[in-house]
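FYI, it's all coordinate maths here, none of it is from the lab. Since the structure is predicted, the reported quantities are computational estimates derived from the model, not experimental observations. Because the Cβ atoms are built from the backbone with ideal geometry, glycine has one as well, and the counts that use them run over all protein chains shown.
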Amino acid sequence: MNFQEPIGGLVERIARALERLAPPSPRKPDFDKTEAFIWQAEPEAFLPVGNVNRVPLVLLKGIDRMRDALYDNTVRFARGLPANNALLWGARGTGKSSLVKAVHAAVSREAKSQAGALKLVEIHREDIGSLPRCLAHLRDTKGKRFILFCDDLSFEGRDTSYKSLKAVLEGGIEGRPEHVLFYATSNRRHLMPRAMLENERSTAINPSEGVDETVSLSDRFGLWIGFHNCSQDDYLDMVRSYAAHYRLPIADEALTREALAWALGRGARSGRVAFQYIQDLAGRLGVRLDGD
């Protein structure tokens, strides 16, 4: 160290060194880039998604009641009216996440909605603990409305991040900004495995209060939408709709026979299984499944 160096110069050099060691400030997100983003917790950023993996709303068959409930809620939110956080729960492959993405696309393009104002931001399950930081970025954003979307949300073992989610959904000192809505999908109605609920019951001073603490998380979603395994008729309706939409050259009798055999081989009938069959069929026919 140069002891003859003026104090001012020394302080300036120390300040520059500390700036280099400090983590860079997160860049202000540009929400005009596209309509969908992924929240990245480390380093904090909103990553634009140029091509969202989704199917058109009209292709989602056998879930009319669920579709209408989520669509109406989203339309109200897009128009600046009161709307509820939504939990889509139920059987695997029944179209929960597909419905969220399809409804967002349909509502954001609706004539009465402000074009480009409704954004979809996906937050991964493992990043739920960073949700307050994500909301801090969105809180002062003007002229946009955001649907925060977490797919396959659930909690295991001693995971306590659900408590942060509870505060964000409702009840925290700041709460959720009025221009942000939270949609989640889960295979579990209460987001917790039965063993976790039983553990809360066994360790709580008052067993009912222990269970109430964990179950109350799902209660903070004002809109519950349940999904169940589809019937054979609904499954075939999905297959036929996909085949017609993508103009697959196959007779209905052969389509029905193959689709039923495919479902039998998978041991399930669902929208996911129907689309997987269509992908296999399109590959064999040499047809590309492009576009919405």
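A full extension of the chain between ASP219 and ASN51 corresponds to an added length of 57.1 nm, given 0.36 nm per residue minus the alpha carbon distance. The stretch between ALA251 and ARG92, if pulled fully straight at 0.36 nm per residue, gains 54.3 nm over its current Cα-Cα span. Among the trypsin sites (Lys or Arg not before Pro) within segment 254-292, those in coil by DSSP and having at most 12 neighbouring Cβ atoms inside 10 Å are ARG288. Put in line by how crowded their Cβ is, counting other Cβ atoms within 10 Å and starting with the fewest, ILE38, ILE128, ILE278, ILE14 read ILE14, ILE38, ILE128, ILE278.
Pairs over the 24 Å Cα-Cα cut-off, from the set LYS101/LYS144; LYS61/LYS144; LYS33/LYS166: LYS61/LYS144; LYS33/LYS166. Modelled spin labels at ALA117 and ASP30, positioned 7 Å past Cα toward Cβ, are 2.3 nm from each other. In sequence order, segment 257-274 has phi-based couplings of 4, 5, 5, 5, 5, 5, 5, 5, x, 8, x, 6, 10, 7, x, 5, 5, 4 Hz under the Karplus curve 6.51 cos²θ - 1.76 cosθ + 1.60, θ = phi - 60°, and Gly or Pro positions carry x.
The ranking of TRP224, TRP39 from fewest to most other beta carbons within 10 Å of each one's beta carbon is TRP224, TRP39. For PHE227, nonlocal amide neighbours, meaning residues 5 or more places apart or on other chains whose placed amide H falls under 5 Å from its own, are TRP89, GLY90, ALA91.
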